[in-house]
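This is the structure, below, for whatever I ask next.
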Amino acid sequence: MRRKHANLTGNALMILGLIVMVGGVGYAVLNQLPQLHLPQYMVQGAIFSIFVGALLWLVGARISGREKVCDKYYWLRHYGDERCRKTSHHSHH
């Protein structure tokens, strides 16, 4: 898959995951209001949709390459800005 298509696919999966998660949380919260008369058996599906949405989010992040944020910070800490480098020649008096 080309980089542009991978980025678009990953972003679409991340958006879909976010929508599924927010929808699941919204339904679980709205189900607590007795005046809405929502079916009680759908709560387990709403909670499960939060996990499915998180999984979609992570798959999208993996495809689009956004999971490499920790690698960036590792690089910055060790090789980037001088203030962020771990050096052993600090002398503490």
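Residues of the stretch 29-77 being among the aliphatic types (A, V, I, L, M), within 21 Å of residue 10 (Cβ to Cβ), open to solvent by less than 100 Å² (accessible area, probe 1.4 Å) and at pLDDT 85 or above, which ones?
Here is the first cut: in the stretch 29-77, the ones among the aliphatic types (A, V, I, L, M) are 29-30, 33, 36, 38, 42-43, 46-47, 50, 52, 54-56, 58-59, 61, 63, 69, 76.
Keeping just the survivors that are within 21 Å of residue 10 (Cβ to Cβ) gives 50, 52, 54-56, 58-59, 61, 63, 69.
Still in the list and also open to solvent by less than 100 Å² (accessible area, probe 1.4 Å): 50, 52, 54, 56, 59, 61, 63, 69.
Residues satisfying the conditions are 50, 52, 54, 56, 59, 61, 63.
So is residue 5 more than 21 Å from residue 64 (Cα to Cα) and free of Cβ contacts under 8 Å to residues at least 24 places away in the same chain or not?
Spelling it out, it is not the case that residue 5 is more than 21 Å from residue 64 (Cα to Cα) and free of Cβ contacts under 8 Å to residues at least 24 places away in the same chain.
I want to confirm something. Restricting to the stretch 1-18 and keeping residues that are surrounded by 12 or more Cβ atoms within 10 Å (Cβ to Cβ) and more than 12 Å from the chain's Cα centre (by Cα), which single residue is modelled with the lowest pLDDT?
Step by step, filter the stretch 1-18, then rank; the result is 6.
The values are calculated or read from the model by the stated rules, or taken from the named source; none is laboratory data. Just so it is clear, the structure is predicted and the values come from calculations on it, not from any experiment. Glycine also receives a Cβ, built like all others from the backbone with ideal geometry; neighbour counts cover every protein chain displayed. Ligands, DNA and RNA are stripped out before the accessible areas are found, and what is left, the full protein with its side chains, is counted by its heavy atoms. Shrake-Rupley method; radii C 1.70, N 1.55, O 1.52, S 1.80 Å.
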